[in-house]
Amino acid sequence: MAFVFRVAMQFVGLLLSLLGWVLSIITTYLPHWKNLNLDLNEMENWTMGLWQTCVIQEEVGRQCKDFDSFLALPAELRISRILMFLSNGLGFLGLLVSGFGLDCLRIGERQQELKKRLLILGGTLFWTAGIAALVPVSWVAHRTVQEFWDETIPEIVPRWEFGEALFIGWFAGFSLLLGGCLLNCVACSTQAPLASGHYAVAETQCPCLENATAGPKV
């Protein structure tokens with residue numbers, strides 16, 4: 001029963017981490033980090049991402065323009081690009097490493113200590129990927145709030161607001177953190193027993209060992 005629970009928790013942690021990794025990739029390329037609604041023209045909406053700015057009009061549709069220069073971007077967008085790429089890469093490495101550390105995998109089933117270290121390493125990579133995803137999303141959100149309540153900007157000037165990508169990024173970061181936490185907790189718990197087949201082999205060998213060690217009867 002303990003073995004089944006251990007394997008189930010490993011699967012839950014891996015699935016949460018996989019979900020967070022996929023959502024972090026979507027967040028990286030989704031052009032909805034910020035939204036801008038114009039009061040003077042309600043038929044026109046602006047969105048901004050890490051790579052481009054888009055305008056959505058009812059008659060024309062969506063038109064997007066990529067940023068011309070990386071150095072011309074604000075600091076939060078430049079750092080966000082780097083951290084999101086880092087999160088995606090670490091999440092991919094975490095999936096590879098922790099996948100080989102699952103107890104249900106037949107490869108290396110006699111090397112339980114190695115599997116434990118792989119799970120811990122995979123969980124640590126997921127933790128780092130989650131933090132790398134939460135930092136840029138929270139930073140952009142903080143800057144958006146500051147600019148929204150900036151009293152030096154005239155009230156007639158439109159203000160940027162939170163986009164859908166920020167909420168997806170928060171969910172991705174917490175999913176990676178929770179998945180990595182589950183993997184680390186399972187790996188640091190009591191080692192899983194060997195499969196039932198190994199018990200049968202051990203039981204068949206015990207009588208032979210007892211007969212070999214027992215002395216001749218007088």
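The values are calculated or read from the model by the stated rules, or taken from the named source; none is laboratory data. What you see is a predicted model; the values in this text were computed from it and never measured. Don't worry about glycine lacking a Cβ; one is built from the backbone with ideal geometry, like all the others, and counts go over all protein chains shown. Quick note on the areas: whole protein, heavy atoms, side chains included, nothing else; ligands and nucleic acids left out. Shrake-Rupley method; radii C 1.70, N 1.55, O 1.52, S 1.80 Å.
Go through Pro158, Pro154 for me and flag whichever is surrounded by fewer than 20 Cβ atoms within 10 Å (Cβ to Cβ) and touching a strand residue (DSSP E or B) at 6+ places or on another chain (Cβ under 6 Å). Lay out the reasoning, then the answer.
Values: Pro154 fails: touching a strand residue (DSSP E or B) at 6+ places or on another chain (Cβ under 6 Å).
When all the criteria are applied, what remains is Pro158.
Going through Leu50, Leu77, Leu73 one at a time, which residue ends up being open to solvent by less than 20 Å² (accessible area, probe 1.4 Å) and free of Cβ contacts under 8 Å to residues at least 24 places away in the same chain?
Checking each option against the conditions leaves just Leu73.
Select from the range 43-79 the residues that are assigned to a loop (DSSP other than H, G, I, E, B) and under 30 Å from the mean Cα position of the chain (by Cα) and list them in ascending order.
The initial filter retains those residues of the range 43-79 that are assigned to a loop (DSSP other than H, G, I, E, B), namely 43, 49-51, 58-60, 67-74.
Those that are assigned to a loop (DSSP other than H, G, I, E, B) and under 30 Å from the mean Cα position of the chain (by Cα): Gly49, Leu50, Trp51, Phe67, Asp68, Ser69, Phe70, Leu71, Ala72, Leu73, Pro74.
Filter the range 90-114 down to the residues that are assigned to a helix (DSSP H, G or I) and in contact (Cβ under 8 Å) with a residue 60 or more places away in the chain, then identify the one that is farthest from Tyr29 (Cα to Cα).
If we filter the range 90-114 for residues that are assigned to a helix (DSSP H, G or I), which is where we start, we get 90-100, 112-114.
Remaining after also requiring in contact (Cβ under 8 Å) with a residue 60 or more places away in the chain: 91-92, 94-95, 98-99, 112.
Numbers: Gly91: 16, Phe92: 17, Gly94: 21, Leu95: 21, Ser98: 26, Gly99: 26, Gln112: 39 Å.
Only one residue tops the list, namely Gln112.
Checking Arg117 against (1) touching a residue at least 12 places away in the same chain (Cβ under 8 Å); (2) charged (D, E, K, R); (3) open to solvent by less than 60 Å² (accessible area, probe 1.4 Å), which single condition isn't satisfied?
Failing condition for Arg117: (3).
Of the residues that sit in the range 1-40 and are in a loop (DSSP other than H, G, I, E, B) and open to solvent by 60 Å² or more (accessible area, probe 1.4 Å), which one is farthest from Gly91 (Cα to Cα)?
This residue is Leu40.
Look at Leu118 and say whether it is modelled with pLDDT of 65 or more and part of a helix (DSSP H, G or I).
Working: modelled with pLDDT of 65 or more: yes; part of a helix (DSSP H, G or I): yes.
Criteria met by Leu118.
Taking the options Ile82, Ile56, name whichever one is among the aliphatic types (A, V, I, L, M) and open to solvent by 60 Å² or more (accessible area, probe 1.4 Å).
Ile82
Is it true that Ser87 is closer than 25 Å to Trp170 by Cβ and either under 25 Å from the mean Cα position of the chain (by Cα) or not in a helix (DSSP H, G or I) (or both)?
For Ser87, the condition - closer than 25 Å to Trp170 by Cβ and either under 25 Å from the mean Cα position of the chain (by Cα) or not in a helix (DSSP H, G or I) (or both) - is met.
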